[in-house]
Each structure stands twice: as C-alpha cells, then as structure tokens.
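Data first, discussion second: the structure below is written as structure tokens.
The values are calculated or read from the model by the stated rules, or taken from the named source; none is laboratory data. Worth saying up front: this structure is predicted, and the values here are computed from it rather than measured. For neighbour counting, all protein chains shown are included, and Cβ atoms are generated from backbone atoms with ideal geometry for every residue, glycine included. For the accessible areas, the whole protein counts, side chains as well, though only heavy atoms, and no ligand, DNA or RNA atoms are used. Shrake-Rupley method; radii C 1.70, N 1.55, O 1.52, S 1.80 Å.
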Amino acid sequence: MNSSGSEKLSAFHMTILVFMTQFGVVVFMLPRMLSKTFGTNGWMMMPVYGLIVILNLLLIGFVYKLGKGKSIFDIMEHAIPKLLLMPLYLLLIGVWAMLGCLVAKEYVLIFQMLAFPTTNPMLFKLAMDVLLFWLMIKGLYNISKAATMFFWASIWMLLLVFFFYGEFSFSRLTPFLFKGGTATLVDVVGIYSAFLGYELIMLTFSYTDAKTKILRSSILGSLLTTVFYTYVSLIAFGFLSQKQLNRMLYPLIDLMAYIKFPFIERMENLFYGFFLFTTILTVVMYQWSAKEACRRLFPKWKENIIAGVIVLISYIVSYVPKTLSEVQTWLQLISSLECVVAFVLPLFLLLVLSLTRKKVVAS
C-alpha cells in the first residue's frame, strides 16, 4: 500500500497542487486567445473567468460538506447500482486520460519545434510517460509533494517579466474595451479551459480532512492562477500591439526572445523547458484521476497495473494526432467536454445526495 493511503494533504499542499494543475502551456498562447476573442484590453476578462471558477468551486465545496468528505464514487454507488454507473465511469476515464495524453503531446510538439526540430517527438513523450507512471504509482500525497517541489523550481520564471517593463507602454492599452474581438462560444470556452484542473479536487475528498480546508485551499490556488494569468496577459497587451498579438502563435514565447543574456543564447528555450514541471503535474493529475475511476470498475486489479495500462494506452493514442494543429483540435474538443464535467458532475452529486438524504429521513 502507498504511503499516501494514510497521509492527508495539508492546506498548503492542496493550494499548490490546484495551482500547478491549472497553470500550464496554454499561458503561452493565452494573450493571443484573449486578443482574438475579446479584442482590445481582453486581459481584463481574466478575473471574470477566475470568478466563474470560484463559483464552481463553491458548488464542489457544497458536495464535500453534504457528503461529509466521502469519495464521490462512494456517494454515487450508495444510491445507484455500479452497473448503471459504468457508462459514466467510462466517460470520465476517457476524458481524463485523453486530456492528460493531449496536454503532454502538445507540450512535446512545441518543445520539439523550439529546440529539437529533427528529433522524434515520441521519444520525448516516452521519457515523460515513464516519469508520469512513476508519480502515479506513488500516490496523491507524494504527487502533492512533487507539486510543491516543482512549484519552487519554476516560480522564479515570473521574475523574467520584469525585463519587459522598459518597453511596456500604457498607450497600447487603448481606452476602448473589447473592440475587434470575435467572441464565439468556442473561443470563450477555449479560454476557460486554461483554468481546468481545479475540478479534480472532487477526487481528493477522501485524501483530506478538516485541517486541509479543501475549499479555501482550492480557491486560493485558483486565485493564484488568476493573478498570474492576468499579470502575464497585461504585460503582453502592454508590450505588443493587438495586430502583433493576433498574428503571433505563442506571444509569450516570442516575448522571451527579447531577453538577452551573455551566457544564454535563446532564453525562450530555457523558459519553455522549465514549463515541463507544470505540464507533468497537469498530466499526472488527470491520469491519476482516470486511475481512480478505473479502480471502481476493476477493484481486483493492482493500482500499478491500472496506472501502467492507462499510461500505455495514452502513449499509443498519442501517435494518432501527428501535427500540432491536430492535437489542438482534439484538445479543444476534450477540454469542452471537461468543462461540462466540471459543472455537471457536482450538480449530479448534489442531486444524488439530496435523494439519499430523503431516503434516510423516510426510513
């Protein structure tokens, strides 16, 4: 049995875990997405998204309180036969495993494009999956400790933003609000997917106790993500014009190219390399969640075997989308499904809890 079976997450570990799961590669393209979707001063929409996340977290916190900290699987199986829950479990396993797979493949393809254009990206993916498997079998408590270590190893990168202050101009932040954006539903949901990851706290209920203060810790982690996203987007909007933002595929990576050090030739490569830490945490949390759901379908299987099967299948599937555009198309679809899961699953759990409590009162 993993040591994580008896260890409970601390409030600090939970906060960092939520932040590291949310904060990912999407930040490199986030300023362009905001500019195209909302137009001028699109960065101001980040706090709005952060508020929606908090509202969703309050809903999840309500599930935690009514369920008295029980696992969401125990809550559902107490009221619904497992046979009827199988389609839901399969859907959750598929969505979470695919999200982890696609996020990893996207990171690998961008890294290959920047630093190793002649190297097979699946070699990088294989190395990443070996590390992911090792983390998955160590359990959630050890994953949270790794998240804290990765946080301190990568947080220094935000200091690089100070290099842009000299070229930052408030004149680029026009007095017009949200002019020139398309604001389609697909684009709006696509930006919200940058915050995904917080919903996985539903899987951590049984790994916490009253000391964890799971709701407050999760809200603090999401607020940290919101502040960082807003800050980085504001700098990008004040450093680049709207036309430049719309034209650049990865504005933040292009911004890093402006930083020059005598001992580092291409700062953007080093900067992106350190984002491996946040990517690994995002991927491992989604695949760990898929493993937790899979355990309910195959309770007799050992956790190591389930983790190995999920990682292996994810690696095989990652061969299918070969180009970055294909990966991002798939990712957009699966992220949209996960947005639905983030809101609908807590509502479904509240309905189950409500019906269960009525049965108890009636009896």
Evaluation of SER154 against (1) open to solvent by less than 30 Å² (accessible area, probe 1.4 Å); (2) of a type in the set (Gly, Ala, Ser); (3) modelled with pLDDT of 90 or more (one fails), failing number: (3)
Selection over the range 320-334 where residues are in a helix (DSSP H, G or I) and either out of contact with any helix residue (DSSP H, G or I) (no Cβ under 8 Å at 6 or more places or on another chain) or among the charged types (D, E, K, R) (or both) yields a count of 4
State whether the residues of the range 296-303 include one that is of a type outside the set (Phe, Trp, Tyr), open to solvent by 60 Å² or more (accessible area, probe 1.4 Å), at pLDDT 90 or above and part of a helix (DSSP H, G or I). yes
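Only one of SER206, SER233, SER222 is open to solvent by 30 Å² or more (accessible area, probe 1.4 Å), within 22 Å of the chain's Cα centre (by Cα) and polar (S, T, N, Q). Can you tell me which? Lay out the reasoning, then the answer.
Numbers: SER233 fails: open to solvent by 30 Å² or more (accessible area, probe 1.4 Å); SER222 fails: open to solvent by 30 Å² or more (accessible area, probe 1.4 Å).
One residue alone meets the criteria, SER206.
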Scan the range 176-189 and give yes if some residue there is more than 28 Å from MET46 (Cα to Cα), assigned to a helix (DSSP H, G or I), open to solvent by 10 Å² or more (accessible area, probe 1.4 Å) and touching a helix residue (DSSP H, G or I) at 6+ places or on another chain (Cβ under 7 Å), otherwise no. no
What's the number of the condition ILE316 fails, among (1) assigned to a helix (DSSP H, G or I); (2) buried (at least 16 other Cβ atoms within 10 Å of the Cβ); (3) not aromatic (Phe, Trp, Tyr)? (2)
Scanning for something closer than 21 Å to LEU109 by Cα, open to solvent by less than 40 Å² (accessible area, probe 1.4 Å), in contact with a helix residue (DSSP H, G or I) (Cβ under 8 Å, 6 or more places away or on another chain) and acidic (Asp, Glu), does the range 261-272 turn up at least one residue? yes
Within the range 135-145, can one find any residue that is free of Cβ contacts under 8 Å to residues at least 60 places away in the same chain and either out of contact with any Asp or Glu (no Cβ under 7 Å at 6 or more places or on another chain) or of a type outside the set (Val, Ile, Thr) (or both)? no
Qualifying residue in the range 238-261 (condition: in contact with a Gly (Cβ under 7 Å, 6 or more places away or on another chain) and in a helix (DSSP H, G or I)): yes
For PHE12, state whether it is part of a helix (DSSP H, G or I), out of contact with any helix residue (DSSP H, G or I) (no Cβ under 7 Å at 6 or more places or on another chain) and more than 30 Å from THR323 (Cβ to Cβ). yes
Which one is surrounded by the most Cβ atoms within 10 Å (Cβ to Cβ), of the residues in the range 161-175 that are assigned to a helix (DSSP H, G or I) and of a type outside the set (Ser, Thr, Tyr)? VAL161
Please go through the range 54-81 and pick out each residue that is of a type in the set (A, V, I, L, M), assigned to a helix (DSSP H, G or I) and either over 22 Å from PHE19 (Cα atoms) or open to solvent by less than 20 Å² (accessible area, probe 1.4 Å) (or both). LEU57, ILE60, VAL63, LEU66, ILE72, ILE75, MET76, ALA79
Does the range 131-142 contain any residue that is farther than 30 Å from PHE205 by Cα and assigned to a helix (DSSP H, G or I)? no
Answer yes if at least one residue in the range 85-96 is of a type in the set (Val, Ile, Thr), open to solvent by 10 Å² or more (accessible area, probe 1.4 Å) and more than 24 Å from SER335 (Cβ to Cβ), and no otherwise. no
Which number in (1) closer than 30 Å to GLY238 by Cα; (2) in contact (Cβ under 8 Å) with a residue 24 or more places away in the chain; (3) open to solvent by 10 Å² or more (accessible area, probe 1.4 Å) marks the one condition that LEU51 misses? (2)
List the number of the failed condition for ALA127; all other conditions in (1) open to solvent by less than 50 Å² (accessible area, probe 1.4 Å); (2) not in a loop (DSSP other than H, G, I, E, B) hold. (1)
